[in-house]
1. By DSSP, what percent of the beta bridges with both residues in the chain are antiparallel, rounded to the nearest 5?
2. What are the extents of the Cα atoms of the stretch 2-180 along their three principal axes, in Å, largest first?
3. Let me have the 222 nm mean residue ellipticity of the chain computed from DSSP H runs of 4+ only, each contributing -39500 (n - 2.57), with the sum over all residues rounded to the nearest 500.
4. How much FRET efficiency would the formula 1/(1 + (r/R0)^6) give for Ala279 and Ala228, where r is the Cβ-Cβ distance and R0 is 45 Å, rounded to 0.05?
5. Quick check on packing: order 278-285, 302-309 by the mean number of other C-beta atoms within 10 Å, highest mean leading.
6. Take the Cα atoms of the chain, build their convex hull, and give its volume per residue in Å³.
7. log₁₀ I(q)/I(0) of the stretch 273-315 at q = 0.19 Å⁻¹, via Debye over equal Cα point scatterers, no solvent, to two decimals?
8. Rounded to a whole number, what is D in µm²/s for the stretch 91-216 from Stokes-Einstein with the Kirkwood radius over alpha-carbon pairs (10 °C, 1.306 mPa s)?
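Only the coordinates and a few stated rules stand behind these numbers; no lab work does. It should be emphasised that the depicted structure is a prediction, and the values quoted were computed from it without experimental measurement. Methodologically, a virtual Cβ is constructed for each residue, glycine included, from the backbone with ideal geometry; neighbour enumeration extends over all protein chains shown.
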Amino acid sequence: MMQRDEDLLLDGWCRYHGNLFGYENLFIFDNGSKTKTVKQTLEKYRRLGCQIDLSRDQMSDFTFKGEIVGNLFKSLQESGDYDFFLPLDCDEFVSVLRGNTVSFQKTDIKDELGRFAGCQDTIKISDEFVNSPNYPDHYYRLNSNKTAFAAQHFDHTDHGYHTPGTMTGEWAFSSLVFIHYHNKPFTRTLSDATRKLAGLGVDVSNPEAVRSLTHSMHLKPYFTMSEAEFLSSFDRKCHLPIPGFTQHLTDLGVSSPVLTPRLGAQRPPLLFPPDFDEAGYLALHPDVAASDLTGSRHYMLFGAAEGRECARHQT
């Protein structure tokens, strides 16, 4: 992965994926970090075996992230020592969907990867479960459209790791997902958005410049909302509990106000029902049954926010 000044996430990302795959299999491009704690964290994990590249320190390097990561994969491919390549961002934690639960256990993740040993198609990661700042261990589901690759069949990747990158140009659909820590405290979210847009030449003090953005569109709302509006926006999302993930990070030695918050046992107002009736939901909503979505995926992505009735088994 490539990162810059991710002081709230970098240590947790390294500990989590180092525990899964071994520190020697983590490759990190630092994009010119200035934060002292980040520099210290990079040096610590370099000593533990992570491959740290400090040479990609220009904004233009971030623009060509897909090409840089792709060239790394091709050089590793020639060694024949690798089974899979997983391009990640610093806020993404590899996990696997098991029914309507998300597992972060090493055996489940490796078993799922093992299904794609030697796969000639691009391995598709279709979903992510995104953190809510007020609700530890509860996450809302979004389409992800990310990729992984069986090492010997990698050909290319783009900046966002979205498009097929093997010679076949075909997809192999997996149950891999990301637990995605996209949401930080509001003040940090706003400062990160400001820094990113300023680096792209956008004058964020000019409201018209922000309104007319044609890139980084997901950053625009932060400049027109209050902190209360930011936090309340998560109450309208359907959340899935992923019990124990923050504790797992804590057990690995992670301490971060984002990854291991101390907020108590707060529960979001809209929860995915543990007794969700798949067949009943599809029977109630023929348009969903006619789509290529499962009932549970539709309900988490769309149905709950739309106020659709959620059938349950009767006893």
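1. 65 percent
2. Dimensions of the stretch 2-180 along the principal axes of its Cα atoms: 43, 41, 28 Å.
3. On the way: 12 runs with 98 residues, N = 315.
Theoretical 222 nm ellipticity from helices: -8500 deg cm²/dmol.
4. 0.65
5. Top of the packing list down: 278-285, 302-309.
6. Numbers: hull volume 49.1 nm³, N = 315.
Cα-based convex hull of the chain, divided per residue, equals 156 Å³.
7. -0.47
8. 95 µm²/s
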